[in-house]
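The values are calculated or read from the model by the stated rules, or taken from the named source; none is laboratory data. Bear in mind that the values here come from a model prediction, so they are computed numbers and not experimental data. Quick reminder, even Gly has a Cβ in these numbers, built from the backbone with ideal geometry, and neighbours come from all protein chains shown. What goes into the accessible areas is simple: the full protein's heavy atoms, side chains included, and nothing from ligands, DNA or RNA. Shrake-Rupley method; radii C 1.70, N 1.55, O 1.52, S 1.80 Å.
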Amino acid sequence: MINSARFANQNDPLRIEAKEICVDYNGTVALYDASLNLGSGCICGLVGMNGAGKSTLFKALMGFVRPSRGTICINGVSVRRAQKDQAVAYVPQNEGVDCSFPVSVWDVVMMGRYGSMNLLRMPRESDRQAVFHALERVELVELQERPISALSGGQRKRAFLARAIAQRASVLLLDEPFAGVDVRTEKLMSDLFLQFKNEGRTILISTHDLSHVRDFCDLVVLINKTVLAYGETSKVFTQENIINTFGGMPPNLLSGPTTTEGYR
Ligand SMILES: Nc1ncnc2c1ncn2[C@@H]1O[C@H](COP(=O)(O)OP(=O)(O)OP(=O)(O)O)[C@@H](O)[C@H]1O
Ligand SMILES: [Mg+2]
């Protein structure tokens, strides 16, 4: 296993440290012996076929599913502790809420502040400022009063990203954030991810668009129920590894350039 040490501050504990984790759903194995180390200030792409275990890995890192084997540390502490510390923000593949629920965009983003509020969840001025700032960063200030159900799919993705920003987490887990978004939102998001990286945050991002990996991921993890290859994008994102990851399907049947050069 290769560490992302080149991208990590040597004084920081690893942001994500997953050791040989296995996850099964009622006995059916979704992930086995999966290991991953990520330091601070990097963007890591997570690539694999449908059903490869990408969302399962995110859920394990969030503590939503419990690995049957292996260990996970976030910022050097347990997943549970990291959740308490609000250290991890997650933008799920499917937004994970009933979007017919009558809640405004502002309220959804404010949820990112809950961890730092008391039990009564009375927002302070600093919480309101954090929410406003997050909405600004995703260009949703004008839609802040809209019910979340009255947003388009791409706008809704931005709202959940704003919630992650308001949370000020050091680790961002983004499960297919680009799915179904227009080119403008795609650009806004990829610029944001680069800013997050420059702020020293760690971003793990799954995508089916291989050009994203080439364009802005420092590191890449290729998975098919286990980690097939992991490391610096320039070294690992080769045509051979991609073909292997997608079960022999040549990359020119996938989105993106057709030559090996294109993946470097
Ligand atoms: N709640 C569940 N119960 C049973 N099996 C599940 C459950 N969630 C996922 N699986 C199975 O686990 C495997 C991995 O699923 P996962 O959602 O992690 O894949 P993925 O890589 O995110 O795929 P996609 O690209 O389609 O989002 C699949 O075979 C899936 O059918
Ligand atoms: Mg998934």
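The table below gives the values:
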read-out	value
Average Cα contact separation per residue, the chain, under 8 Å, 6 or more apart, as relative contact order %	25 percent
Total lysine pairs under 29 Å (Cα atoms) in the chain, excluding pairs fewer than 8 apart on one chain	29
Ranked packing of 51-63, 28-40, most packed first, by mean Cβ within 10 Å	51-63, 28-40
For G231, residues with placed amide H under 5 Å, excluding near neighbours	V220
Surface share of carbon and sulfur [accessible, 1.4 angstrom probe, percent] for the chain	49 percent
Candidates per trypsin sites (Lys or Arg not before Pro) in segment 213-252, loop by DSSP, up to 13 other Cβ within 10 Å	none
Rounded to 10°, Cα long-axis angle of helix 125-137 versus longest principal axis of the chain	50 degrees
Neighbour-limited loop hits for trypsin sites (Lys or Arg not before Pro), segment 118-154 (at most 15 other Cβ within 10 Å; DSSP other than H, G, I, E, B)	R121, R124
Accessible area of segment 62-149 divided out per residue, in Å², using a probe of 1.4 angstrom	60 Å²
Relative contact order %, segment 59-201, counting alpha carbon pairs below 8 Å whose residues are six or more apart	31 percent
Cα-based helix-to-principal-axis angle, 153-167 vs the chain, degrees rounded to 10	80 degrees
